[in-house]
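Asker: Okay, here's the structure, questions in a sec.
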């Protein structure tokens, strides 16, 4: 992996391969993410989505190929991974270099609407609050690339909607590049500039999303794009409808 200033591209990947034994989870993959672009990555379980995100986060090194990412990047996972023996503000600044960590933590917590919880222990946070603390921990690093690995997957439906709106607002304010890994096609279309379908370790299809923001589920183009993506994922509209119900 090369960590550098990447110009107009926040991410440049060429010929990336990641094997586990004889199986290529990622197989000669190419992908670009432009500076400031919001990209969502969808695909069936085991297709390589989270593996790609971990590689971009420099958490997986057993690779072949070229990977270029910005120096400043941060990741938020589905599990908030807060340290229970540290108050929230210290969790936000965990491993953060530089001075005045309290001030930086408070600024990041204010961005996610969690200023009033800075001094509490993680065990008293709700699921949504814990996820916002995890986002604050990523934002405090002022990333040029924000990596989100199904960050809303464990939230209830209403909390998930609020978290999606929060991420959309944060991205519009900061304009860092974002890669969101998700199983939720509607979530991908609500948030992303471009949705990539991953299959068998490669990008099988790309869908640009030109819908105006904020986006509406009842927009005819939204329904058309949703149907296109579900088709590429091998899921019929009738099956998707039953799961949503």
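Asker: Which of the residues belonging to the stretch 186-199 are outside any strand (DSSP E or B), surrounded by 23 or more Cβ atoms within 10 Å (Cβ to Cβ) and in contact with a helix residue (DSSP H, G or I) (Cβ under 8 Å, 6 or more places away or on another chain)?
Answerer: Correct list: 188, 189, 191.
Asker: Within the set of pairs 6+ apart or on separate chains, which have a first residue in the stretch 151-168 that is free of Cβ contacts under 8 Å to residues at least 12 places away in the same chain, a second that is surrounded by fewer than 19 Cβ atoms within 10 Å (Cβ to Cβ), and C-beta atoms under 7 Å apart?
Answerer: Matching pairs, first to second residue: none at all.
Asker: Can you name every one of the strands (runs of 3 or more DSSP E) wholly within the stretch 1-75 that holds 1 or more residues which are farther than 23 Å from residue 231 by Cα, free of Cβ contacts under 8 Å to residues at least 12 places away in the same chain and more than 17 Å from the chain's Cα centre (by Cα)?
Answerer: Qualifying strands (runs of 3 or more DSSP E): 9-20, 23-34.
Asker: Also: Determine which member of the set 141, 173 is modelled with pLDDT under 95, surrounded by fewer than 18 Cβ atoms within 10 Å (Cβ to Cβ) and closer than 28 Å to residue 103 by Cα.
Answerer: Just one listed residue meets the conditions, 173.
Asker: Among the residues of the stretch 145-184, write down those that are over 21 Å from residue 109 (Cβ atoms) and outside any helix (DSSP H, G or I).
Answerer: Matches in the stretch 145-184: 145, 149, 150, 153, 156, 177, 179, 180, 181, 182, 183, 184.
Asker: Give the residues of the stretch 71-90 that are farther than 13 Å from residue 141 by Cβ and out of contact with any strand residue (DSSP E or B) (no Cβ under 7 Å at 6 or more places or on another chain), sorted by residue number.
Answerer: Listed by number, the residues that qualify are 79, 80, 81, 82, 83, 84, 85, 86, 87, 88, 89, 90.
Asker: Identify the residue in the stretch 208-223 that is free of Cβ contacts under 8 Å to residues at least 24 places away in the same chain and not in a helix (DSSP H, G or I) and, among all such residues, is surrounded by the most Cβ atoms within 10 Å (Cβ to Cβ).
Answerer: If we take residues in the stretch 208-223 being free of Cβ contacts under 8 Å to residues at least 24 places away in the same chain and not in a helix (DSSP H, G or I), then 209 is surrounded by the most Cβ atoms within 10 Å (Cβ to Cβ).
The values are calculated or read from the model by the stated rules, or taken from the named source; none is laboratory data. Small disclaimer: the values here were computed from a predicted structure and weren't measured. Positions of Cβ are backbone-derived with ideal geometry, glycine not excepted, and every protein chain shown enters the neighbour counts.
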